Amino acid sequence: LFCCVTEQMPDQATTPSPSQSLQPPNRGDEKDDENSNQQDEILFDVNTFLQKLATSSTSFDYDDSNDSDDGTVVTLTEPELTSLRKLNKRIRTLIEERQRKFRRSVTGDEKRRIRDHARDKIKQTAKQTRHSVEQTARRVVTGDSSKRIADWAREAKVVKTVDKFSFMLGVFSLLSTEYVLLKYPQHFGYFYVAVMSYMIVLRIYLYSKARYIYFLIDFCYFTNASCFVSVLLLPQNSTLWRINYASSNGLLLAAILAWRNSLVFHSLDKITSFALHMMPCLLTFLQRWPSDGSSAMCPQQLDEGNAECKLGVQGAFTDPVLFYISWQAYYIIQTEVIDRERLKGDPDLATSMRWITRDTKNPMHKMALSACRATGILKQNEKFDPETVKTKTVFVAFQLFFMMSTLVPVPFMFSNCDFHWVCLMLVFGFAVWNGSNYYFEVFAARYIQKFEDQKKVVAPVGVSPAKGGDDDKLACAVTKEE
């Protein structure tokens, strides 16, 4: 153990005068408490030790290993080391006593750390605040602080009101899209980005809760992200626009038929699915056939006047297929490598692969199953299993073939505005037809059930059912009229 003191050498040290000598405090003073006595004793021992050290005749050794050290190194004897150890122990005891006293004044328990007490207080305050906000929200929304908002939202009256509002919002969205498309076609790209950003963010939230999160890495989202980049970052990049044109009017337009998208105005999920596939088609349609003729896809028209604008093999097939393969590679890496264990351990997590292989009514499922049974890949009574390598390989290959087949009409759309418009209207009509089927089939069944319940009319009081009469006829007539 070493102690650093001032640079004063032993021969330069002076003996303090009697007036400067330190005297121990009066330990018999009954007014001093125990802590004060401990402090006075420590102060006395420190000063006594320094006084003794200053007048000591012990040899001093300089530490030449560190040039920046300006102090003098003193070698202490064993009794002095023992005195220092005792002094250090007494100081630590006093510090611990002060710490226990401070803990007791703050937390009420001398053994409880202040940081733990503060953490528990923060958690308790946050819990109380959350409970208070929850109670206030319940009281404002439901009128009863003990009734959960989720239970209130499932009530028939609330569901009907939400459906009516959603229906109105869906129709309003369609009219707004039509207005921007006709009145401000040059700004439709920004309208598209704003609307689809809102829908995609909302879908991320809803699908995360419904365990459909892996649907958000499908090709339609990949294409919409590419359209976002074209609108916001690369508006004059003709190569990227042609890729988006072929992908949107090829696979995305055909996906409306394959996934049986429907235009159901009161269903946010169905409207979002339809918009994800149709909005990029409308965007690229306006970019290809602008009113002022300044198409970003055909910059040579501006340079060469009436030069013919063609999509070409690269724009119609090569680039879109490479774009699709890049997405497919990412999808396989994400689901089969990165999240393999998660998907394997949770069969209820939905992916597009699992959805298609289990949806026996899906047209793509039917075509793939028929082709595999005809070629002997599957036996006649064998079905798809989404967890096997064979099923995954079949669908990856079949989806690639389906994607390439959807590119066949794209060059004709690109070269003929009328043909492009007809294709869009046919697919739009298919979605409207599916929506009308939903309304008339599902809603009609509900209303028929309600009418069946109304037929059960109780006979009026005082009239015997066996006698019949005018009252019975009137009741039957009212029921029939209802």
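The values are calculated or read from the model by the stated rules, or taken from the named source; none is laboratory data. Not measured: the values here are computed from a predicted model. Reconstructed Cβ throughout: ideal geometry from the backbone, glycine too, with neighbour counts over all protein chains shown. Calculation scope for accessible area: heavy atoms of the full protein, side chains included, ligands and nucleic acids excluded. Shrake-Rupley method; radii C 1.70, N 1.55, O 1.52, S 1.80 Å.
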Point to revise | Subset of region 389-410 (residues that are open to solvent by 50 Å² or more (accessible area, probe 1.4 Å), over 23 Å from Asn249 (Cα atoms) and either part of a loop (DSSP other than H, G, I, E, B) or charged (D, E, K, R) (or both)) | key: Lys390
Check your understanding: Can you name the condition, by its number, that Lys160 falls short on among (1) in contact with a helix residue (DSSP H, G or I) (Cβ under 8 Å, 6 or more places away or on another chain); (2) modelled with pLDDT under 90; (3) assigned to a helix (DSSP H, G or I); (4) open to solvent by 70 Å² or more (accessible area, probe 1.4 Å)?
Key -> (1)
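Return the only residue of Tyr179, Tyr207, Tyr184, Tyr192 being in contact (Cβ under 8 Å) with a residue 60 or more places away in the chain and either over 30 Å from Val106 (Cα atoms) or over 26 Å from the mean Cα position of the chain (by Cα) (or both).
On the way: Tyr179 fails: in contact (Cβ under 8 Å) with a residue 60 or more places away in the chain; Tyr207 fails: in contact (Cβ under 8 Å) with a residue 60 or more places away in the chain; Tyr184 fails: in contact (Cβ under 8 Å) with a residue 60 or more places away in the chain.
Among Tyr179, Tyr207, Tyr184, Tyr192, only Tyr192 is in contact (Cβ under 8 Å) with a residue 60 or more places away in the chain and either over 30 Å from Val106 (Cα atoms) or over 26 Å from the mean Cα position of the chain (by Cα) (or both).
Of all residues in region 187-215, how many are outside any helix (DSSP H, G or I) and open to solvent by 50 Å² or more (accessible area, probe 1.4 Å)? Steps first, please.
Within region 187-215, the first condition is being outside any helix (DSSP H, G or I), and the residues that meet it are 210-212.
Subset that is open to solvent by 50 Å² or more (accessible area, probe 1.4 Å): 211-212.
Looking only at that region, the number is 2.
When region 263-288 is examined, which residues are found to be of a type in the set (S, T, N, Q) and at pLDDT 90 or above? Steps first, please.
Filtering region 263-288 for residues of a type in the set (S, T, N, Q) gives 267, 272-273, 284, 287.
The answer is Thr272, Ser273, Thr284.
Just to be sure before I move on: is Ala444 in a helix (DSSP H, G or I) and crowded, with 16+ Cβ neighbours inside 10 Å in the structure I sent? Give the derivation first.
Numbers: in a helix (DSSP H, G or I): yes; crowded, with 16+ Cβ neighbours inside 10 Å: no.
Criteria not met by Ala444.
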Practice item. Taking Leu175 as the residue in question, decide whether it is open to solvent by 60 Å² or more (accessible area, probe 1.4 Å) and farther than 30 Å from Phe443 by Cα. Key: no
Practice item. For region 303-318, enumerate the residues that are at pLDDT 80 or above and either among the hydrophobic types (A, V, I, L, M, F, W, C) or within 39 Å of the chain's Cα centre (by Cα) (or both). Key: Leu311, Val313, Gln314, Gly315, Ala316, Phe317, Thr318
Review point. Can you pull out the residues in region 140-153 that are surrounded by 10 or more Cβ atoms within 10 Å (Cβ to Cβ) and in a loop (DSSP other than H, G, I, E, B)?
Key: Asp144, Ser145, Lys147, Arg148
Revision key, fill the gap. When (1) closer than 17 Å to Arg260 by Cα; (2) open to solvent by less than 90 Å² (accessible area, probe 1.4 Å) are applied to Leu426, the one that fails is (2)
Practice item. Six or more apart or on different chains, Cβ under 9 Å: which pairs go from a residue in region 265-285 that's farther than 16 Å from Gly429 by Cβ and without any contact (Cβ under 8 Å) to a residue 40 or more places away in the chain to one that's assigned to a helix (DSSP H, G or I) and open to solvent by 10 Å² or more (accessible area, probe 1.4 Å)? Could you list them? Key: Ser273/Arg203; Ser273/Cys220
Check your understanding: Do any residues in region 125-150 that are more than 17 Å from Val162 (Cβ to Cβ) have Cβ atoms under 8 Å from those of residues that are open to solvent by 60 Å² or more (accessible area, probe 1.4 Å) and part of a loop (DSSP other than H, G, I, E, B), where the two are at least six apart or on different chains, and which pairs are they?
Key -> Arg138/Asp144; Arg138/Ser146; Arg138/Lys147; Arg138/Arg148
Review point. Name the pairs: first residue in region 214-229 and within 12 Å of Ile200 (Cα to Cα), second residue open to solvent by less than 20 Å² (accessible area, probe 1.4 Å) and not in a helix (DSSP H, G or I), Cβ to Cβ under 8 Å, at least 6 apart or on different chains?
Key: Phe215/Ala350; Phe215/Thr351
Review point. In contact (Cβ under 8 Å) with a residue 12 or more places away in the chain, over 21 Å from Met364 (Cβ atoms), open to solvent by 40 Å² or more (accessible area, probe 1.4 Å) and not in a helix (DSSP H, G or I), is that true of Arg260?
Key: no
Practice item. Mind telling me which of the residues Asp348, Asp359, Asp385 ends up being touching a Ser or Thr at 6+ places or on another chain (Cβ under 8 Å) and over 24 Å from Ala225 (Cβ atoms)? Key: Asp385
**Study point:** Which numbered condition Arg242 fails, given (1) out of contact with any Asp or Glu (no Cβ under 8 Å at 6 or more places or on another chain); (2) at pLDDT 90 or above; (3) crowded, with 17+ Cβ neighbours inside 10 Å
**Key:** (1)
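Looking only at region 336-351, decide whether some residue is open to solvent by less than 20 Å² (accessible area, probe 1.4 Å) and under 30 Å from Arg288 (Cα atoms). Talk me through it step by step, then tell me what you get.
Taking region 336-351 and keeping what is open to solvent by less than 20 Å² (accessible area, probe 1.4 Å), we get 343, 349-351.
Cutting the leftovers down to under 30 Å from Arg288 (Cα atoms) gives us none.
No, region 336-351 contains no residue that is open to solvent by less than 20 Å² (accessible area, probe 1.4 Å) and under 30 Å from Arg288 (Cα atoms).
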Practice item. Please work out if Lys121 is open to solvent by 100 Å² or more (accessible area, probe 1.4 Å) and part of a loop (DSSP other than H, G, I, E, B). Key: no
